[in-house]
1. Of the listed peptides 71-80, 178-187, what is their order by residue-averaged count of other C-beta atoms within 10 Å, with the highest listed first?
2. If we sort 16-23, 232-239 on the protection proxy, mean other Cβ atoms within 10 Å, highest first, what's the order?
3. When the accessible area of the chain is computed with all protein chains present and a 1.4 Å probe, what percentage of it is carbon and sulfur?
4. Can you give me the Cα centroid spacing of the range 1-69 and the range 201-241 in angstrom?
5. Rank-order 130-136, 212-218 by packing density, defined as the average count of other C-beta atoms within 10 Å over each peptide's residues, highest first.
6. Just report the Cα centroid separation between the range 108-181 and the range 253-315, whole Å.
7. Nearest 10 degrees, 0 to 90: what angle lies between the long axis of helix 95-107 and the longest principal axis of the chain (Cα atoms)?
8. Where does the chain land at 222 nm, in deg cm²/dmol rounded to the nearest 500, when only DSSP H runs of n ≥ 4 count, each adding -39500 (n - 2.57), divided by all residues?
Amino acid sequence: MTGTGPAVVAFGGGHGLAASLRALRRITQHLTAVVTVGDDGGSSGRLRNELGALPMGDLRMALAALAGADTWSATWAELFQHRFGGRGPLAGHAVGNLVLTALAERQGSAVAALDLAARLLGASGRVLPLSDTGIDIVAEVAGLDPVQPAAVVEVHGQAEVATTAGRVRSLRLQPATPPACPPALDAVERAEWVVFGPGSLYTSVLPHLLVPEMTERLLGSPARRVVVLNLVPQPGETAGYPPEAHLRVIGKHAPGLLFDVVIADRDAVGEPGALARAAADLGARLHLVPVAYPGEPRHDPRRLAAAFKAVFAGMAGAGSGVRPGPVADDKLVSDDAVRGDPAATVSAREGEE
């Protein structure tokens, strides 16, 4: 790790990606956010429908998370996040969504618009879209028909999938092979680490793994891969999911893509042994540490940064392109083990740290 930190690409969207970025910016100056562009609700959905614009909401949130701490940058970040009230045509629109949409029209490029806005906000990193064109999410969902609870129907759109009352069985994109944003592909090519999550599993994390160009680039990259798990299930989208279910869904939708480390909060994991086994199935080790604000289902940027720092330092000497072997079924990896001390690997029963 250099004095300015490793090159990191963080994938996701919404509040989850923002939490990850607030943590990562504390330990590296080489940070790129790659943001999903499937949003079809709220302000982003309206601009998408009316203007054919790229949905800017999650991109705006990532920029705000990376904004500088000086008065100028903070003021612009607060303005970008401001939403108009009232009942008129602007009601509910975020200022940043309008500004980014206008910049993209003037520049002829969403990437150029985001780079300009990043300078305006003094962002400590770059924000890029997953694709230069909007994508649509289509999920197969069971349990929507009380008469036929096993029947599977298609649910279209990020907003509908995120709030479905059924159980998501699988996810796909329309179009099936959207073009990946070239600078995002380049960022993965240069990355030492790529981070997925926290965030909405089906609408913020998985879409990145369903873009063939991006998946191919990830498979060919020597960068280490980390998954950060959510603190609680998301109502609708992952209601009732234990932490290990998230990993099984990732493995189902991205077969062949291995990971190195899974970061989870110890208080959010009911059965650590089950989670360790699910991580091992993806080739990963479990890093079980406090990453939430005490008593709150929100990631603490300081604690999450400490977790990232320990993981990055512990894997630094593992050798480029050589992934660690999976953790044995009855093993968890302690903080010291992740830092590179094999003797610190400890046995644990399920439900016990």
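The values are calculated or read from the model by the stated rules, or taken from the named source; none is laboratory data. None of the values given here were measured: they were computed from a predicted structure. Neighbour counts are summed over all protein chains in view; Cβ atoms, including those assigned to glycine, are modelled from backbone coordinates with ideal geometry. These accessible areas exclude ligands, DNA and RNA; they are computed on the full protein's heavy atoms, side chains included. Shrake-Rupley method; radii C 1.70, N 1.55, O 1.52, S 1.80 Å.
1. Result, highest mean Cβ count within 10 Å first: 178-187, 71-80.
2. Working: 16-23: 25.8, 232-239: 16.0.
The densest-packed peptide leads the list: 16-23, 232-239.
3. Details: 7850 of 14950 Å².
Of all accessible area on the chain, carbon and sulfur atoms account for 53 percent.
4. So the two Cα centres are separated by 15 Å.
5. Values: 130-136: 20.1, 212-218: 17.7.
Taking the mean over residues of other Cβ atoms within 10 Å, the ranking is 130-136, 212-218.
6. Answer, in whole Å: 24.
7. 70 degrees
8. Working: 14 runs with 133 residues, N = 353.
That calculation yields -11000 deg cm²/dmol at 222 nm.
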